[in-house]
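First comes the structure, then the notes that go with it.
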């Protein structure tokens, strides 16, 4: 499996607190079957993203753990006007492994009204946005139909593996399960911050997806799509997104027939 969202670099954000914790996280990931791990330090109002510092820490950590998992650099990129301008000026500074794939996250209290325009500007900079953990964002939970709208306009979606298996509560699990059913998820990732409370574990999620949707879908979301990202290739053909309004109409119709 390949993890495209993780925080194992120490001293750069709210992830690993020391090199020892970083090593423990990587060893846990390797034992879980993760072959490649993308370190994604935050870039937001609280944490400054210094690409040279992060590359040096990545090299240090790889030397400490050996060959597995293979470590790559990305960024947990907060969507703000200033950040978007920075990304447009230096396209590979924040992307995953120097490709055109960019992890993007909303603030927990605000979604820009002109989100279509924001995604358009990102795509005009030849970047492909991957929206991180929308299932944990209360604003997106309240306007779930937005996810289908954004996906059909070229945005990709990454859900936290622990959300799908219940570790972030029932609401996050509910939306993860619903969006998987509607083919609106392109990746599961750990978003790990430590070895105990938010560990780099994907195997539990893989097993559940395999049980619910089959091995082909599990491979697509935790192996094939992430590999395409780290290699800078287009994603392989996936399942067609299902309009949640259509699902709702069908459910209402079935309820009418039963009632």
* To do: Go over the candidates 209, 118, 151 one by one and state the one that is within 15 Å of the chain's Cα centre (by Cα) and either crowded, with 17+ Cβ neighbours inside 10 Å or on the phi > 0 side of the Ramachandran plot (or both).
  => 151
* Filter result for residue 184 (within 24 Å of residue 102 (Cα to Cα) and buried (at least 23 other Cβ atoms within 10 Å of the Cβ)) -> yes
* Asked: Does segment 28-36 contain at least one residue that is over 16 Å from the mean Cα position of the chain (by Cα), within 21 Å of residue 98 (Cβ to Cβ), without any contact (Cβ under 8 Å) to a residue 24 or more places away in the chain and not in a helix (DSSP H, G or I)?
  -> no
* In segment 126-142, is there at least one residue being under 11 Å from residue 102 (Cβ atoms) and either more than 15 Å from the chain's Cα centre (by Cα) or free of Cβ contacts under 8 Å to residues at least 12 places away in the same chain (or both)? -> yes
* Structure fact -> Note: among 217, 229, just one is at pLDDT 95 or above and within 15 Å of the chain's Cα centre (by Cα), namely 229
* **Close pairs (6 angstrom Cβ cut-off, 6 or more residues apart or separate chains): part of a loop (DSSP other than H, G, I, E, B) in segment 224-240, at pLDDT 95 or above anywhere** => 232/99; 235/225; 235/228; 236/224; 239/183
* Does segment 131-140 hold any residues that are within 20 Å of residue 116 (Cβ to Cβ) and surrounded by 15 or more Cβ atoms within 10 Å (Cβ to Cβ), and which are they? -> 131, 132, 134, 137, 140
* **Residue list for segment 1-27, restricted to those being within 15 Å of residue 161 (Cβ to Cβ) and part of a loop (DSSP other than H, G, I, E, B)** => 1, 7
* Structure fact -> Per the filter on segment 37-65, residues surrounded by 15 or more Cβ atoms within 10 Å (Cβ to Cβ) and in a loop (DSSP other than H, G, I, E, B) are 40, 41, 44, 47, 49
* **Single condition residue 71 does not satisfy, out of (1) assigned to a strand (DSSP E or B); (2) closer than 30 Å to residue 115 by Cβ; (3) touching a helix residue (DSSP H, G or I) at 6+ places or on another chain (Cβ under 7 Å)** => (2)
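Quick check, is residue 68 under 15 Å from residue 2 (Cβ atoms) and either buried (at least 19 other Cβ atoms within 10 Å of the Cβ) or in contact with a strand residue (DSSP E or B) (Cβ under 7 Å, 6 or more places away or on another chain) (or both)?
no
The values are calculated or read from the model by the stated rules, or taken from the named source; none is laboratory data. Remember, predicted model here, so these are calculated numbers, not experimental data. So basically every Cβ, Gly included, is an ideal-geometry build from the backbone, and we count neighbours across all protein chains shown.
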